[in-house]
Amino acid sequence: MTSISQTAGAVALILLFTAGIAHTDGAGDPKAVSSREGEYLDKDGNPTFKVANDGTVDWYTYAGYLRYGANCLQCHGPDGLGSSYAPSLVDSLKSLSYGDFVSTVVSGKKEVNTAQQQVMPSFGTNKNVMCYIDAIYVYLRARSDGALSRQRPEKHAPKTDAYTKAEDSCMG
C-alpha cells in the first residue's frame, strides 16, 4: 500500500513535468509532428494521437480509451459526449489546452451559478487517473478531432517498453 506522501510525490512530479509543456490557446492543431518512445506530440509539444490509414491507433490513444472508460465515463458519459452530470469532453477539447485539461483534472472544478452547477472533484492524488493523464487526453483529443469514432479502436499499436516502465514507476 502506498502512502499519501508517495502519492503526493507522484502528483508533484506530474505537475512539474507538465509545467514545462507548451500551452496553446485551445487544443491547437492535433497533427503529430514528432514522437518520443511511442508517444506522439504536436508542434507545440503537447501529447496527440496518431491514426494510420488502416485505422490502427497508437498505444496512447488505445490506453486512453480504456482508462477513460474506467475513470471518466461515469460522469462524462460514454465516449466523452457528456451526461446530465458533466459536460461533453469531446466538445470541451475543441478549445481546452493540454495544460488547462491537466489543471482541471488535478485540481477539480467548481462552477455554480443560477444557470448551472458543475462540480468536478480533484483527481490529483488518484494514480488510476494521473498515471494515465496523457493517454486520457490523447483519446479525448482524437474523439474531439473526429479522428476516432465512438467504438472501441479495432486495431492498435503494441504497448511500448517505455510506456510499461513509466506505468510501473508511477503505479508503484
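Among Gln151, Val138, Gly172, whose Cα projects farthest towards the positive end of the dipole of region 94-172, with charges put on the beta-carbon of Lys, Arg (+1) and Asp, Glu (-1)?
Gln151
Determine the sum of side-chain charges near Val90: Lys and Arg each +1, Asp and Glu each -1, restricted to other residues whose C-beta is under 12 angstrom from that of Val90.
For residues surrounding Val90, the net value is +1.
Once the Cβ-Cβ distance between Asn53 and Ser95 is put in as r, and R0 is 22 Å, what FRET efficiency do you end up with, to the nearest 0.05?
Approximately 0.20, to the nearest 0.05.
Name the lysines eligible as straight-distance cross-link partners of Lys165: C-alpha to C-alpha under 29 Å, and not fewer than 8 places from it in the same chain.
Cα-Cα hits under 29 Å: Lys31, Lys43, Lys50, Lys127, Lys155.
I want to check the label-to-label distance for Asn128 and Glu167. Put each point 7 Å from Cα in the C-beta direction and report it in nm to one decimal.
It works out to 1.5 nm between the two label points.
Averaging the inverse of every distinct alpha carbon separation and then flipping it gives the Kirkwood radius. What is it for region 74-172, in angstrom units?
Result for region 74-172 stands at 14.9 Å.
Where a number appears in this text, it was derived from the coordinates with a stated rule and is not lab data. These numbers come from a predicted model, not from an experiment. Neighbour counts are summed over all protein chains in view; Cβ atoms, including those assigned to glycine, are modelled from backbone coordinates with ideal geometry.
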